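Notes to accompany the following structure.
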2 protein chains.
Amino acid sequence: MSQVLKVSSVSEPSAAAGAIANGIRECGTAEIQVIGPRAVNQAVKAIAIARGYLAASGLDVYCVPAFASIRIGADDEEKTAIQFVVRTRHGLRGSKWSGKTF
Amino acid sequence: MSQVLKVSSVSEPSAAAGAIANGIRECGTAEIQVIGPRAVNQAVKAIAIARGYLAASGLDVYCVPAFASIRIGADDEEKTAIQFVVRTRHGLRGSKWSGKTF
């Protein structure tokens, strides 16, 4: 089970792509959570870049977007996030992937 | 072969979701092209909503994002678009899908 990768509006897509590629290589899956249009955009770019990284290893990835309701901040505010589950058609079994926040 | 669905920053996600669901039902695939962060966000929301529509019919969809270089406008300006190919794991064979711009 991989940790959730949080991508923000100021995340560097290529750095997030590296984390996605690591998650795929180690767990066969990566989960990304974003809030807001610009963060969604950065996450999509990161997934597109990660596809290129992984294609070089013969791995073909796809993603499944879904809405997720999360609570954040001191006042426990409820927000609607977008969650992307990235998977490969050639799922790998591996060790736990230690996620990172960008 | 389905036509390309163009989603913009002012597209209504539920309407675009209906077009995606139609494309999937008729061709087993839908292609979406967007330019700009807000359009990417609307497209991702539309795909997430379409997943809900199609899940009711027992269809499970996923998407593959990629960069695409396109030329638009009178001066043939080159822009980087994001292209989403939406597919189902239960690909259907059907008639041509007549795409729509939202």
Expected 222 nm ellipticity per residue - DSSP helices of 4 or more, -39500 (n - 2.57), all of chain B, to 500:
-11000 deg cm²/dmol
Compactness relative to 2.2 N^0.38 Å, alpha carbon Rg of the protein assembly as shown:
1.01
Solvent-accessible heavy-atom area per residue, rounded to whole Å², over chain A at 1.4 Å:
49 Å²
Given 11 as the ceiling on other Cβ atoms within 10 Å, longest exposed-site-free region of chain A for trypsin sites (Lys or Arg not before Pro) in DSSP loops
A:1-88
Accessible area of chain A belonging to carbon and sulfur atoms, whole % at 1.4 Å probe
49 percent
Buried by at least 30 Å² relative to the chain on its own: which residues of region B:58-72 qualify, computing accessible area with a 1.4 Å probe on protein heavy atoms?
B:Tyr62, B:Cys63, B:Val64, B:Pro65, B:Phe67
Copies compared at B:Gly52 - label distances in nm, ascending, label defined 7 Å from Cα in the Cβ direction
3.4
Helix B:13-27: angle to the longest alpha-carbon principal axis of chain B, degrees 0 to 90, nearest 10?
60 degrees
Equivalent-ellipsoid semi-axes of chain A, from the Cα gyration tensor, Å, largest first:
23, 14, 11
Mind checking the angle between helix A:37-55 and chain A's longest principal axis? C-alpha axes, 0 to 90 degrees, to the nearest 10.
10 degrees
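Find the sum over both chains of the accessible area lost when B and A are paired, probe 1.4 Å, and report it in Å² to the nearest 100.
About 1800 Å² of accessible surface is lost on pairing.
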Can you give the accessible area of B:Ser9 in Å² (nearest 10), computed on protein heavy atoms with a 1.4 Å probe?
60 Å²
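The values are calculated or read from the model by the stated rules, or taken from the named source; none is laboratory data. What you see is a predicted model; the values in this text were computed from it and never measured. Quick reminder, even Gly has a Cβ in these numbers, built from the backbone with ideal geometry, and neighbours come from all protein chains shown. Surface areas here come from the heavy atoms of the whole protein model, side chains and all, with no ligands, DNA or RNA. Shrake-Rupley method; radii C 1.70, N 1.55, O 1.52, S 1.80 Å.
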